[in-house]
Structures are given as C-alpha cells and as structure tokens.
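For reference, the structure is listed below as structure tokens.
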Amino acid sequence: MQLKLRFLGAAQNVTGSRHLLEANGTRILVDCGLYQERDFKARNWEPFDVPPESIDAVLLTHAHLDHCGLLPKLVRDGFKGKIYCTAATSEIARIILLDAAHLQEEDAEYKRRRHEREGRKGPYPDVPLYTTADAETSFPLFTPVRYKQPVEIGDGIEARFCDAGHVLGSSIIKVTVRQNGKTRSVLFSGDIGRPHRPIVRDPTYVDEADYILVESTYGDRIHQGREDTKKSIADVINSTKTAGGNIIVPSFALERSQEVLYYINELLLEDAIPHIMVFLDSPMASSITKVFQHHPELFDEEMKKFVSRHESPFKFAGLKMVETTKESKAINHIKGTVMVIAGSGMCTGGRIKHHLVNNINRPESTIMFVGYQAIGTLGRRIVNGEKEVRILGQKRPVMANVVQINGFSAHADKEELAQWLSGLKNPPRKLFVVHGESDSAKHFGHYIREKTGWNVAVPAYKDEVVLD
Ligand SMILES: [Zn+2]
C-alpha cells in the first residue's frame, strides 16, 4: 500500500487549509482554502502544486473562507471532479464564495485605478484572483453528503463525514483506503468546535484512525472567560439602554451573528432585557441565517427544544433584517436605543464602519465585540483602548463604551483538543498537528507527545510524507 500526503496549507500557519492525499492512483484534495495572513497571501496567486485536472475529488470540511476560498480558482484552472461536503456547507459556501469573488473584483479595480493614478505597477497583475463567474462555475460540482454515511470517492476509497461542532454543517472527515487486503484510514479534523456551544452539536468523537491531522488554532491556550456569555450581553444591553445610547456589534456572518440572535431571543423570553429594535445589517449574515432555518436537523438538543417551543430563534418582535444601504443609513435616524449587528467582524470593511462613525464619539453608546480581533485591524485598535481611530478617512475620538464579550470562540482550546483526541481507543500510527501558528502547533504537538507517547509531527509547508 502506498499512501502519500502533502501539506499544501495551514502547515505551521492558520489559513489556506489544503491537504493532498494520493491513494490507489486517486488524488483527493481535502479543503481548498484561501490564505488570509498578510505574510502568506502571495501563495493564493501561485499555481497549484499539481495540475487541478489531475485531482479526482475535493472533500470540504466547512464553509469558512480559509477552507473553501480557493475553490473557484481550482475550478477555473481545470478541476472537474466533485466537491463533497454537507448540504449546509455547500449552501453557506455559495454565499461566502460569491461575496469573496465580489470583494476580489472590487479590490482589483481599486488597485488598478490607484496604480494608474500613481503611474506604477503592483507586485501582482491588477486582476481579481477569481471572479463571480468563476465562483458560479464551481457550484454545480458541489455534491452533498450526509453525516455518518460512507461515500465512495474512488477505487477502494471511502469517506465518512461526521459533525465537527464548529459551524453549521462542519465536518470531521475520515478517509479509508483498501488495497491488497490492507486497510488504512486518515482522519482530517477540520476545525473542531467546543462542547456546550449554542445551536450546533458537540464535536463527534472518533474512536479509531491510523493517521490523524488535527487543528491547533488554540493549541497553546486555554479559553478564558467561561463567564456567563448571555449574562454579559444582558448587562451591556441594560446599561446602554439606561444611558440612552446604541449597541453596535461588529460580527462575522457565519455562526457568530446567529449565536448573538439566539442569546438575545432567549434574554427577551426570560424578560431579562427590554424590548429594543435589533437590526441584522448584513445581507450575507441574513442569507446565512436562512440556511440555518433550512437545516433544523443539524441543531443540538437544546436548540431543537427551543424551536419546538418558540418556532425560530432567528425571529422575534423587533428584529429586522436590513437589505439595502438606504435602509442601513435610515437606522441612524431612529431615536432611542437600538442594537445593530453588522460586518465585517473585525471592522475592516462593510456597513459596520458607518455605524461606528455614528456612535464611536457618543459616551452613551457601546461597541460590543463578540469575536477575535486580529492585529492591525480597526477592531483591534478599538479593543486595545486607543483614544482616537481613523474610520472612513477621518480621525475620530473613541468615547463610546467598549466591551469584549468572551466565550464565543468556535475553536476547541488545548484541553478540549486533547479531550477530543482521547476518544481514540488505540494510538494512531502518527498524528500530524496542522492549522495553527508555528508556536501553537509545536506546543500542542509536544504536549500530546508528552501526555500520550504518540508519534507526533508538526509538518511544514509543502512537506510530503508516505504513509505505510
Ligand atoms: Zn473554521
């Protein structure tokens, strides 16, 4: 038997997930993600390591851009096979890929104009990485699979998807290869969620695998703030209502926005907060929320109970899904306290900027962060307590109340990852630690090696291993 594995992304870094598995003459790409770290973005423009037409199938763990964001380029450059993923992942990926393609087009146009004005050339051609048309071409290749149902991928090769509990439709994928009476399995963790999160189920435990690729985003950290997330949100709403300001929530369109709505709905039902108007001012988040409503079968028990009692957690008096920019701007004229949930999650673009402009200089308003803010983003500067920030070309004093709500992470931490691995009945032949910054991946690899005595490796970009 000869199995070959190549690490083409998320190897000692977090984004750009791509793993190529070759077995029985079949090439399988697990995830085809976009690099988002500034240092690695150039890799998005490089040709794929193997000709895309030579890849037989793609297995997609979930719809985050760092896992699916390069699919339109793969298809444009010649890939013709099937893209296997859950139905929810395929529906969310379409929304996310169209948005990404649109941003790529805008970005290219902006650069073209700037370079023309400045009479110079940038490091890459001023063309989009891929277009909306490229994204649309990839959609017919999406092939929905069901959790726990084996799917035949190629000669003697079977894949099985199980719930990863990370975002709606997310999967852990186990590939089993049979050759000359011998069997080997490779388990791809994708992104592993945390137990006891709202809406999605807990991650599935896997009891057996020969080789494992495990993520390590938080492989060197224990999540802080196991404080009551819902209570923290209630406190913000109540104090801001008393002060007479607005609550501005920069949020990611997938999972985080739905979680915030879920908590607000519960708080309203418990009578713990006043009835205020809540605007979900993100067409992308609204579209993704509709996908959630199509897939109640993916909810955890608590959410199913909620749905059976109250219909939908994404519908309540006072909630408005904002579609047009005109409607978005009209929010500013409403008197009294409102909550606005808008993208982007780190305040790097999108409608959130207008809402920040209208509220950041108001001491009675609150900016409520519910997600991680990367270094260098506007969100990070506000969270760090800078007294003045530049938004839409102007310096503005930060006078609003700034609150970071913890407990929203969709990634398992060091102990939760170790707990997930402890589901294995026997040690794997080898564990590969991926999808974490170098320090985090190495720290977690060392930790598991010490704890279990397993054979652990932390592969680097483009490493290739033969699995026997
Ligand atoms: Zn993810």
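A few remarks follow.
- Alpha-carbon centroid distance for the pair the stretch 397-468 / the stretch 69-92, whole angstrom: 26 Å
- Accessible surface, per residue, of the chain when the full set of protein chains is kept, probe 1.4 Å, Å²: 43 Å²
- Projected over every direction and averaged, the convex hull enclosing the alpha-carbon atoms of the stretch 124-281 yields 15.7 nm².
- Over the stretch 378-459, volume per residue of the alpha carbon convex hull, in Å³: 134 Å³
- Loop trypsin sites (Lys or Arg not before Pro), the stretch 89-130 (other Cβ atoms within 10 Å of the site Cβ: 13 or fewer; DSSP): Arg120, Lys121
- For the stretch 223-321, the equivalent ellipsoid built from the Cα gyration tensor has semi-axes of 22, 16, 14 Å, listed from largest to smallest.
- Counting all C-alpha pairs of the stretch 286-443, share separated by more than 28 Å (%): 43 percent
- Cα centroid separation, the stretch 243-314 to the stretch 109-132: 39 Å.
- Note on the stretch 191-238: along the principal axes its Cα atoms extend 52, 24, 13 Å, ordered by decreasing extent.
- Of all accessible heavy-atom area on the chain, the percent that carbon and sulfur account for (1.4 Å): 49 percent
- Binned Cα-Cα distances of the stretch 140-220, short to long, each 5 Å bin given as a whole percent: 3, 14, 22, 24, 18, 11, 6, 2, 0, 0
- For the chain, adding -39500 (n - 2.57) for each run of n ≥ 4 DSSP H residues and dividing by the number of residues yields -9000 deg cm²/dmol at 222 nm.
- Stokes-Einstein D (µm²/s) once Rh is taken as the Kirkwood radius of the stretch 1-43 over alpha-carbon pairs, at 25 °C in 0.890 mPa s: 222 µm²/s
- Just so you know, the averaged projected area of the alpha carbon convex hull for the stretch 406-452 sits at 3.9 nm².
- Principal axis box of the stretch 272-373, alpha-carbon based, largest edge first, Å: 43, 29, 28
- Relative pair counts by distance (%), Cα atoms of the stretch 81-187, 10 Å bins: 13, 29, 24, 18, 11, 4, 0
- Mean projected area of the Cα convex hull of the stretch 59-108, taken over all directions, amounts to 3.5 nm².
- DSSP beta bridges confined to the stretch 1-68 are antiparallel in about 80 percent of cases.
- Restricting the stretch 190-238 to GluC sites (Glu not before Pro) that sit in a DSSP loop and have at most 15 other Cβ atoms within 10 Å of their own Cβ leaves Glu208, Glu227.
- Debye intensity ratio I(q)/I(0), log10, the chain, q values 0.06, 0.09 Å⁻¹ (C-alpha model): -0.27, -0.62
- 5 Å binning of all Cα-Cα separations within the stretch 342-410, expressed as whole percents from 0 upward: 3, 18, 31, 31, 13, 3, 1
- Cα gyration tensor shape of the stretch 43-143, rounded if a/c is under 1.5, else prolate or oblate by comparing a/b with b/c: prolate
- For the stretch 369-382, backbone phi angles converted through the Karplus equation (6.51, -1.76, 1.60; θ = phi - 60°) give residue-by-residue couplings of 8, 10, x, 5, 10, 6, 4, x, 8, 4, x, 4, 5, 5 Hz, Gly and Pro being listed as x.
- Spacing of the modelled spin labels on Glu301 and His102, each 7 Å from Cα toward Cβ, amounts to 4.0 nm.
The values are calculated or read from the model by the stated rules, or taken from the named source; none is laboratory data. Predicted model only: the values in this text are computed from it and were never measured. Cβ: placed from backbone, ideal geometry, glycine included. Neighbour counts: every protein chain shown. Quick note on the areas: whole protein, heavy atoms, side chains included, nothing else; ligands and nucleic acids left out. Shrake-Rupley method; radii C 1.70, N 1.55, O 1.52, S 1.80 Å.
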